[in-house]
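All remarks here apply to the structure that follows.
Just so it is clear, none of the values below were taken in a lab; they were calculated from the coordinates. In this text, all values refer to a predicted model and were calculated from it rather than measured experimentally. Please note: Cβ atoms are built from the backbone with ideal geometry, for glycine as well, and neighbour counts cover all protein chains shown.
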Amino acid sequence: MESQNLLPENDQDLLLAKKLDSLLQMGEGISSVQDPLIQSLLSYRNLEHSNIDSLEAESSEIWDRVLSETQSPKRGKVTPLKTQRNNTWVWATAATVLIASFLGIFWFTNLDSTVLIAQSGNNIETISLADGSEVSLRPHTSLYQIELSETKRAYEINGEAFFIVAKDVNKPFSVSSEHGIITVLGTQFNVSTWGNETNVFLEEGSIRVDDLNQNSLILKPGEKATIANNLLSNATDADAEEYKDWLNNMIVLKGTPISQVIIEIEHHYQANIDISAMDNEFELISGTIPLDELSITLRDLGIILGGTFRQINLDSFTFIPLN
């Protein structure tokens, strides 16, 4: 059976892709292509290089490297496949790669310096930062580097992590969340961003916590603070075991609201847990629950709550009272 073309022979994108490939095979640049898209991309690239001095050297280096790769005489020739259908795929792929290269460069030029440096999966991950600081990431947590310079060490957290910060009075260490910023010089603290709030517990040293409304407070060892609804709470005494328990794969409950426990378990396992059948989800509970496996965690929590959890689908569960 004769293969059918995915694109008609007179398709403008297909013709453009063929033209670009022809120029690349001859080692010529693409600036001669009289296509509105290509010319717009080239114009935009030139404008970006002239307006953003702080990124000029870096973006120019990337641009030159891409042009070098695409114009290199050593570039292997695209080998046509046997059917016209497959040829069309080759041209379409070539056009996609080229446009993606353009977009990647412009995206990089406009993006800030935030870089994902660590991301935990189903287990706790401990990493060492460039300054010697150590960070333990709770499962399903992401750590981003915002700035690392001679005067600043700035990171962003999504999830929960315990930090042991190397002391450097000339280079403040800060951790941001969507609710505020924690700034330290050298200390050990825990920060969590699951749910609709950010919780900070200080084990050692001293830290300043700022919310987005520029309210701030200084925490002393053994104190905690919460940012919720854009409001920074007062510092209160806290039990270290309740904030570092996850490092030992367990949850220690000491008069903890059920709703808060559910949020923590949902984050830890990336699961959805429905407790709408409960009479009072804000009831305070105490006990110890292991975090080795979701099934065991829910089994033990069900015993504490006087019920059981039924699995609805792959990652969704609902609570069933036994009385």
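Which shape class, rounded, prolate or oblate, goes with the range 115-240 when its Cα gyration tensor gives a ≥ b ≥ c as root eigenvalues, a/c under 1.5 marks rounded, and past that a/b bigger than b/c marks prolate? Rounded shape, in that the Cα axes give a/c under 1.5.
3J(HN,Hα) along the range 138-146, derived from phi through the Karplus expression 6.51 cos²θ - 1.76 cosθ + 1.60 where θ = phi - 60°, amounts to 5, x, 6, 10, 10, 10, 10, 9, 8 Hz, with x in place of Gly and Pro. For the pairs Lys152/Lys244; Lys224/Lys244; Lys220/Lys244; Lys167/Lys254, flag any whose C-alpha to C-alpha distance is greater than 21 Å. Flagged as over cut-off: Lys152/Lys244; Lys167/Lys254. Which residues in the range 228-242 have a backbone N closer than 18 Å to a point placed 7 Å from the Cα of Glu134 along the Cα-to-Cβ line? Within reach of a label on Glu134, which here means backbone N under 18 Å from a point 7 Å along Cα→Cβ, the range 228-242 contributes 241. For the range 154-194, the set of chymotrypsin sites (Phe, Trp or Tyr not before Pro) satisfying both a DSSP loop assignment and a count of at most 10 other C-beta atoms within 10 Å is empty.
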